[in-house]
Amino acid sequence: MDQEALEILREAIETRLRSESVERSIGRTVRRRGLDFSVYIGMMSDIRDVAGSRKISLDDAAETLLEEEYQDRE
């Protein structure tokens, strides 16, 4: 996932409404930034790949991607 996508993901998770899915939150963040739908599709594809390979929820996969990026920076 590229840097812009990770920033969108971080913002989406931070601004997520109560009981809102990560998919909906990412969609809202992408629209708010005026970005193309293809950005959303690419991000969700990456999140679904992680979720499927690790057998975890989409929410957990999104959190995992952010945690791994943070660890890679250290």
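Take every pair of alpha-carbon atoms less than 8 Å apart whose residues are at least six positions apart; their mean separation over the length of the chain yields a relative contact order of 28 percent. Taking the accessible area of the chain, probe 1.4 Å, and keeping the other protein chains in place, the carbon and sulfur fraction comes to 46%.
Accessible surface of Met1, taken over heavy atoms with a 1.4 Å probe and every protein chain present, rounds to 70 Å². Taking square-rooted eigenvalues a ≥ b ≥ c of the alpha carbon gyration tensor, is segment 33-74 rounded, prolate or oblate, where a/c under 1.5 means rounded and, failing that, a/b exceeding b/c means prolate? Cα axes put segment 33-74 in the oblate bin.
Approximating the spin labels as points 7 Å out from Cα along Cα→Cβ, the Glu7-to-Ser38 distance works out to 2.0 nm.
Heavy-atom accessible surface of the chain, averaged per residue, reaches 65 Å², computed with a 1.4 Å probe. The calculated Kirkwood hydrodynamic radius for the chain is 12.3 Å, given to one decimal from all distinct C-alpha pairs. When the trypsin sites (Lys or Arg not before Pro) in the chain are filtered for DSSP coil states and for at most 10 other beta-carbon atoms within 10 Å of their beta-carbon, the remaining sites are Arg18, Lys55.
The values are calculated or read from the model by the stated rules, or taken from the named source; none is laboratory data. Here the structure is a predicted model, which means the values were calculated and not measured. Please note: Cβ atoms are built from the backbone with ideal geometry, for glycine as well, and neighbour counts cover all protein chains shown. Heads up: the accessible areas ignore ligands, DNA and RNA and are worked out on the full protein's heavy atoms, side chains in. Shrake-Rupley method; radii C 1.70, N 1.55, O 1.52, S 1.80 Å.
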